[in-house]
Every structure is written in structure tokens, then in C-alpha cells.
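J.: Here's a structure for you.
Any read-out appearing in this document is the output of simple, stated calculations on the displayed coordinates, not a laboratory observation. Owing to the predicted nature of the structure, the values given are computational and were not obtained by experimental measurement. With ideal geometry, Cβ positions are generated from the backbone for all residues, glycine too; neighbour counts draw on all protein chains shown.
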Amino acid sequence: MKLHQPVLLEQTIDLLDLKSGEIVIDMTAGYGGHSAEILKIIGESGRLILVDRDENAIKELKKKFKNCKNIDYIHSNYSEIDWKSIGSVDKILMDLGVSSPQLDESERGFSFNKDAELDMRMDRSQSLTAKEIVNEYSEEELANIIYRYGEEKKSRRIAKAIVDNREVKPIKTTKQLADIVENCLPKSYRIHPATRTFQAIRIATNAELESLEATLPEATEHLNKDGRLAIISFHSLEDRIVKQFFKSLIEVDKDPVTGMEVESPNFRLINKKPLKGLQNDNNPRARSAKLRVVEKIN
Ligand SMILES: C[S@@+](CC[C@H](N)C(=O)[O-])C[C@H]1O[C@@H](n2cnc3c(N)ncnc32)[C@H](O)[C@@H]1O
């Protein structure tokens, strides 16, 4: 299995401003690349909570950190964790999207480069799969998903091709779907023609944007004073949600007459512009990565 290479590692650790003894929750712990560095700084007096909705990731994390006593593992969607039992925390990390092993293991059915059953579930105990979306959603629903989550201008054409093809034969595999998309689009695309459609179906299968939107208010509510939330996003849909939410945290009401701020904000942005992954990074995921960090000041 190809290991997951953590993205923006140094920058994330730096901007989290970790201290010995802190309580940290890594909401997308994956293969523990960021967590391992966090652990070095918070030390044995700190507490680390590792969350992932992928059972495989949790298994690997338990192996990786088997000698550490100050770690709790939670196999769950981060939008469904029980904050009451966790309490408040000093630092939160969210490194969004999929891990390299999820993309690379063909049987997970995420990738158009590897033929496999269309699956795309990060959590394999969930019932909805990509196959169900592709074969059972209406043409209009498919077009909307591909347009919204894939930002694909040719969404209607692709949705029609999917529906025409599935009437002849169910679309069971990643290759079938990739071929259908490829055959209905012009050849001049710089990226593989199915890239946007696969992204869209993956986001819909895992309700990725809904989970993110639902989690941000809860997570920031559970930050201690001086606590920080760092989020690494990988596409504009995620980054827009994060940017707008952070903006809402630092906005305060103004007196309509004087224009003066009525109260001071509870948060401040650590970096006004997102830190970006290097364009020449060997890891293609890094090239689209953006890191935003916010701090609770009151
Ligand atoms: C980019 S990887 C994280 C990699 C990790 N930082 C590392 O260094 O190994 C994203 C991970 O988040 C998990 N994930 C994505 N959405 C999630 C959600 N809503 N709840 C919990 N885990 C999620 C995925 O299963 C995946 O393992």
C-alpha cells in the first residue's frame, strides 16, 4: 500500500502553535502523518483524539500509535462525534478529502485509473454507494450533482449519457463510468475528462460538503480560549465553505448610526490569505491544497 504523504505538514504544525500538554483533535486523522508531529509536541502530558470515518484508517492508526497511551480513537463521521464526551479542546485539525490509500486501493472504487466496482464510500459501513447514485438517481439529480460538486459545465450531457447507457446495461464499474464520460466529451480536455464527474459523485456519495458545513460551528464552539482550528482544503467548493465560515466568525455587528463595532469578535484569522501547497510538489494533492487557520481570542 502506498503511504499517505501529509500535505503542508510543517506549515500546519507551525500555525497550530502547539504546546506541551494540550488537548488536540485530529478530525481527519487518516494515516497519522500530521498526528505524529502533533504528538511529538504535546507530549505524554497532552491528549490526542483521532477521528476518521474510514475503518481501515483507524486500524492503521492503532498500529502506528500502539505504544501511545494518551490517544483516543473515534471511528465516525466528524459531523457525528459526541462533543459532550470529548469536552473542549485546544487545537483542531481538519485535512479534508480522501487519503492516497483510499484512491490507490482499486477495490475502494474511487479512481477512474483503476477498474473496480463503483463504490467511493469512505466509510464502508454506510449503505449509499456511488453505484447506487449512478444507477438510480434521476437524470436531473445527476446533472445537478455533476454541475455543483464537479463544477462541470457539460453536466447535462454527461447525465444524459449515463442514463442512456444504464438503460442498456447497469453501470457497475469505474471503467464503465469513465468510458461513458470520456465518450461524450470533446478530446481537448487537459485533465482526464472524467475527473470532475468522479469528484462530484465522490462528494455526493460521502455527503462531504454537508458534513463540513454541519461541523464547523460545533467544532469552534468547543475550542478553548487561545485555541486554533486549522483546515486544509483541496478544491474550491471546500475552501469557499471554510473561507465564508471564518469570515462569519470575525464579523461583528456595527452600530447603524456611528458605524462603530458593537462588540469585539471572538476569533481572529491567523493568516488572511490561505497558505498554498507548492506547485512543483511531487505530491499532486499538495498542489491544490490551501491551509486556513483561525484562533479563538475571547
Ligand atoms: C487527506 S486524508 C488525511 C490524512 C492525514 N492528515 C495524514 O496525515 O495521514 C483525509 C482523511 O479524512 C477522512 N475523512 C474525510 N471526511 C471525513 C468525515 N466527514 N469524517 C471523518 N473522517 C473523514 C478520510 O477517510 C481520510 O482518511
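J.: So how far apart, in nm, are the two label points at residue 63 and residue 210 if each is 7 Å from Cα heading toward Cβ?
T.: The modelled label-to-label distance comes out at 3.3 nm.
J.: Now for a separate question. So how far apart, in nm, are the two label points at residue 271 and residue 123 if each is 7 Å from Cα heading toward Cβ?
T.: 3.0
J.: Only helices at least 18 Å long along their own axis, judged from Cα atoms, and with Kyte-Doolittle mean hydropathy of 0.0 or greater: name those in the chain from DSSP H.
T.: Span-like helices in the chain: 236-250.
J.: Using modelled backbone amide H atoms (1.01 Å from N, in-plane), which distant-in-sequence or interchain residues come within less than 5 Å of residue 53's amide H?
T.: Here the answer is 76, since their amide H atoms fall under 5 Å of that of residue 53.
J.: Still on this structure, please answer the following. By how many nm would the segment from residue 278 to residue 260 lengthen if fully extended, with 0.36 nm per residue of separation less the alpha-carbon distance?
T.: Extra length from residue 278 to residue 260 when fully extended: 2.5 nm.
J.: Still on this structure, I have one more. Among 73, 149, which comes first, then next, by fewest other beta-carbon atoms within 10 Å?
T.: So the residues, fewest neighbours to most, are 73, 149.
J.: Residue 148 to residue 169: extension gain in nm, 0.36 nm per residue of separation minus the Cα-Cα distance?
T.: 4.9 nm
J.: For residue 69, what charge total do you get from the other residues with a beta carbon under 13 Å from its beta carbon, if Lys and Arg give +1 and Asp and Glu give -1?
T.: Values: positive: 47, 62, 66; negative: 44, 72.
Computed value for this residue: +1.
J.: How large is the charge dipole for the range 127-205, taken about the Cα centre, if only the Cβ atoms of Lys, Arg (+1) and Asp, Glu (-1) carry charge, to the nearest 20 debye?
T.: The dipole magnitude comes to about 340 debye.
J.: At a Förster distance of 41 Å, what's the computed FRET efficiency of residue 106 paired with residue 226, Cβ-Cβ distance as r, to 0.05?
T.: Result of the calculation: an efficiency of 0.35.
J.: Give, as a single signed number, the net charge of other residues whose beta carbon lies under 13 Å from the beta carbon of residue 49, with Lys and Arg counted +1 and Asp and Glu -1.
T.: Here the charged neighbours net out to -4.
J.: I want to verify a result. In a Gaussian network model of the chain, Cα cutoff 10 Å, which of these has the top mean-square fluctuation: 99, 20, 233?
T.: Sorting by GNM fluctuation, first place goes to 20.
J.: Give me the net charge for the shell around residue 139: Cβ to Cβ below 12 angstrom, other residues only, Lys and Arg +1, Asp and Glu -1. Intermediate results must be reported in sequence, preceding the final value.
T.: Working: positive: 156, 157, 160, 166; negative: 136, 140, 141, 164, 167.
Local net charge: -1.
J.: Only Cα pairs within less than 10 Å get springs; with that Gaussian network setup on the chain, which residue of 260, 94, 27 has the largest fluctuation?
T.: Result for the chain, Cα springs under 10 Å: 260 fluctuates most.
J.: May I pose another question? In whole percent, what relative contact order does the range 127-205 give with Cα contacts below 8 Å and a gap of six or more residues?
T.: 41
J.: In addition: For the range 66-74, take each phi angle, set θ = phi - 60°, evaluate the Karplus expression 6.51 cos²θ - 1.76 cosθ + 1.60, and give the result in whole Hz per residue in order, putting x for glycine and proline.
T.: Taking θ as phi minus 60°, the curve returns 4, 8, 9, 8, 9, 10, 10, 10, 10 Hz for the range 66-74.
J.: Students often get this wrong, so check it: of 69/91; 91/254; 63/131, which have C-alpha atoms separated by over 21 Å?
T.: Check vs 21 Å cut-off fails for 91/254; 63/131.
J.: Only loop residues by DSSP count here, and only those with at most 15 other Cβ atoms within 10 Å; note down the trypsin sites (Lys or Arg not before Pro) in the range 130-166 that meet that.
T.: Working: sites: 131, 148, 153, 154, 156, 157, 160, 166; in loops: 153, 154.
Taking the range 130-166 and a limit of 15 other Cβ atoms within 10 Å, the loop trypsin sites (Lys or Arg not before Pro) found are 153.
J.: List the longest stretch of the chain that has no exposed loop site; here a site is one of the GluC sites (Glu not before Pro) assigned by DSSP to anything other than H, G, I, E or B, with at most 12 other Cβ within 10 Å.
T.: 45-250
J.: Sticking with this structure for a sec: Which of 216, 234, 170 sits farthest toward the positive end of the charge dipole of the range 141-298, with +1 on the Cβ of Lys and Arg and -1 on the Cβ of Asp and Glu?
T.: It is 170, whose Cα lies furthest towards the positive end.
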